[in-house]
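**Q** Before I ask anything, let me first share the structure, which is written out below as C-alpha cells.
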Amino acid sequence: MSLLLVAKNRDMSSLGEAIRATDPNIDVDIWPGVRNRERIQFAVSWRHPDGIFESYPNLKAISSLGAGVDHLFADQTIPEKIRFSRVVIPSLAEQMADYVLTAVLNMFRDTGTYIDQQRAGQWKKHPPLRKDEVTIGVMGLGELGRESASRLAMNGFMVNGWSRSKKELNGIRTFSGDEIDQFLQSSNILVCLLPLTEETEGILDLELFKKLRRPAYLVNVARGKHLTEEDLIYALDTDLITHAVLDVFEQEPLPDSHPFWGRKKITITPHTASITDPREAAELIVENYKRVLSGIDLLYEVDRNRGY
Ligand code: NDP
Ligand code: OXD
C-alpha cells in the first residue's frame, strides 16, 4: 500500500520526508509521480486538481493538509463514499491566535497610521481605542476560533463568540446560530473563523456590516468566499467599516489588478495566518493512514452532511 500526497501549488516533499521519518515503512507517492494507482487507499490533498481522484480505484479517504476542507467539497467528482478528514494540531490554533491578537492590537494602537506618518515625517497623536468600549466578535468557535477568542480574553479584551451550537467558554459571551443579530449588534471588531459551507458563503456582506457596532472593523482569516468583496469596498468608502485585515481572498494569489491592493483601509497578508507544520502534521497523517488500512474510525473526520 502507498500514501498519496497531492497539491497543485505547494511543495509536498517536506511532508513526504516527515512521514518517512515518522514511519520508514510507509511508501509515499507525491503526485504526479505515482507508481501504482491501485495501491493508494489514503491521500492528503491541498487544493488538488479537480477530478484526479477518479483514477484511484481503491481510494477510501482523503485528508486535507490544512484545517479547511472546502477544497475537498468543491470537487464534485469525489464519490460520496470517500471519507474526509483534516489536520487539527496545536500549532495551527496557536499561530491563528497570534495573528488575530496582532491584528486586533494593530487596530487598537493605529499601527498602520503611525507607519504612514513616520514615512511622511509627521508627529501626530491619535487616541487609541479603549478596551472597555470595544468588543471583539469571533465568528466560529471551533479549533481555531476558541483559541483565538480565549487569547483575546486573556489579554483583557471584551470578547463575543458565535457558533452553530451554544458554547460555554471562560471570559467569553457566547451566542448560537439564531442569536446572530445580538452577537453582531454587540461586536465592533468582527473576526471570521468559520468554515466555508453553503450556509456561510458570502456571509460577510453589507447587511451584516450594517448590524455591527461602530466603530466597526473586519478581520477575515477564514476563506475569501465568506466575503462579498464589493460590499466591503462600499462599507469602507462609506465608513461603515473603519479598517479590514484580510488574509484570504476569493482568488489567491490576489491578482495584481485587484482593487484591494491600493487601499489604505485594507491590510493584506498572503494566506499566512496559520500554516501547517509538516513535522507536526505527519504524526496525525500516519495515524489516519493506518486507521484507513485497519478499517477503523478516522481522527478529525469531517461530517460530510454538515460540510465541515
Ligand atoms: P472548526 O470546524 O473546528 O470550527 C468551525 C466553527 O464554526 C464551529 O464552532 C462551528 O459551530 C462554527 N460554524 C460552522 N458553520 C456555522 C454556521 N452556519 N453558523 C454558525 N457557526 C457555524 O474549524 P477550525 O476552527 O479548525 O477552522 C476554521 C476555518 O479557518 C477553516 O475552515 C479554514 O477555512 C480557516 N483557516 C484559515 C487559515 C489561514 O491561514 N488563514 C488556516 C487554517 C484554517 P459548532 O461548534 O456549533 O459546530
Ligand atoms: C487551512 C489553511 O485550512 O491553511 O489550514 O487555510
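**Q** Quick one: would you say Val69 is crowded, with 17+ Cβ neighbours inside 10 Å, within 16 Å of ligand 2 (Cβ to nearest atom) and either under 19 Å from Ile266 (Cβ atoms) or modelled with pLDDT under 95 (or both)?
**A** no
**Q** Would you be able to tell me the number of residues in the range 109-140 that are hydrophobic (A, V, I, L, M, F, W, C) and surrounded by fewer than 17 Cβ atoms within 10 Å (Cβ to Cβ)?
**A** Qualifying residue count for the region: 3.
**Q** Let me ask another. Report yes if some residue within the range 120-129 is under 19 Å from Ser187 (Cα atoms) and either modelled with pLDDT of 95 or more or more than 10 Å from ligand 1 (Cβ to nearest atom) (or both); otherwise report no.
**A** yes
**Q** Tally the residues that are more than 16 Å from ligand 1 (Cβ to nearest atom) and open to solvent by 80 Å² or more (accessible area, probe 1.4 Å), restricting the search to the range 256-292.
**A** So the answer is 7.
**Q** Condition check: farther than 21 Å from Thr113 by Cβ and either in a loop (DSSP other than H, G, I, E, B) or open to solvent by less than 50 Å² (accessible area, probe 1.4 Å) (or both). Does Asp239 satisfy that?
**A** When the stated conditions are applied, Asp239 does not pass them.
**Q** Moving on. Would you call Leu3 in contact (Cβ under 8 Å) with a residue 60 or more places away in the chain and either within 22 Å of Gly224 (Cβ to Cβ) or crowded, with 19+ Cβ neighbours inside 10 Å (or both)?
**A** Yes: the conditions hold for Leu3.
**Q** Give the residue, chosen from Leu101, Leu65, Leu105, Leu72, that is within 16 Å of ligand 1 (Cβ to nearest atom), among the aliphatic types (A, V, I, L, M) and not assigned by TED's automatic domain parsing to the domain that holds Lys8.
**A** Of Leu101, Leu65, Leu105, Leu72, the one residue that is within 16 Å of ligand 1 (Cβ to nearest atom), among the aliphatic types (A, V, I, L, M) and not assigned by TED's automatic domain parsing to the domain that holds Lys8 is Leu101.
**Q** Ala222: within 13 Å of ligand 1 (Cβ to nearest atom), surrounded by 15 or more Cβ atoms within 10 Å (Cβ to Cβ) and not basic (Lys, Arg), yes or no?
**A** In short, yes.
**Q** I'd like to know if the range 204-212 contains one or more residues that are hydrophobic (A, V, I, L, M, F, W, C), more than 8 Å from ligand 1 (Cβ to nearest atom) and open to solvent by 20 Å² or more (accessible area, probe 1.4 Å).
**A** Yes, some residue in the range 204-212 is hydrophobic (A, V, I, L, M, F, W, C), more than 8 Å from ligand 1 (Cβ to nearest atom) and open to solvent by 20 Å² or more (accessible area, probe 1.4 Å).
**Q** Taking into account only those residues within the range 37-61 that are in contact with a strand residue (DSSP E or B) (Cβ under 7 Å, 6 or more places away or on another chain) and open to solvent by 60 Å² or more (accessible area, probe 1.4 Å), which is nearest to Arg291 (Cα to Cα)?
**A** Step by step, filter the range 37-61, then rank; the result is Lys60.
**Q** For Ser64, which of the numbered conditions (1) surrounded by 20 or more Cβ atoms within 10 Å (Cβ to Cβ); (2) more than 27 Å from the chain's Cα centre (by Cα) fails to hold?
**A** (2)
**Q** Right, next: Could you identify the single residue in Arg39, Arg86, Arg109, Arg35 that is among the basic types (Lys, Arg) and within 14 Å of ligand 2 (Cβ to nearest atom)?
**A** Exactly one residue qualifies, and that residue is Arg86.
**Q** Further question on the same structure: For a quick check of your reading: which helices (runs of 4 or more DSSP H) sit entirely within the range 116-223 and have at least 3 residues that are out of contact with any helix residue (DSSP H, G or I) (no Cβ under 7 Å at 6 or more places or on another chain) and either of a type in the set (A, V, I, L, M, F, W, C) or within 16 Å of ligand 2 (Cβ to nearest atom) (or both)?
**A** Counting at least 3 such residues, we get 143-154.
The values are calculated or read from the model by the stated rules, or taken from the named source; none is laboratory data. Just so you know, these numbers come straight off a predicted model, no measurement behind them. Glycine gets a Cβ as well: all are built from the backbone with ideal geometry, and neighbour counts include every protein chain shown. In case anyone asks, the SASA skips ligands and DNA or RNA and just uses the protein heavy atoms, side chains included. Shrake-Rupley method; radii C 1.70, N 1.55, O 1.52, S 1.80 Å.
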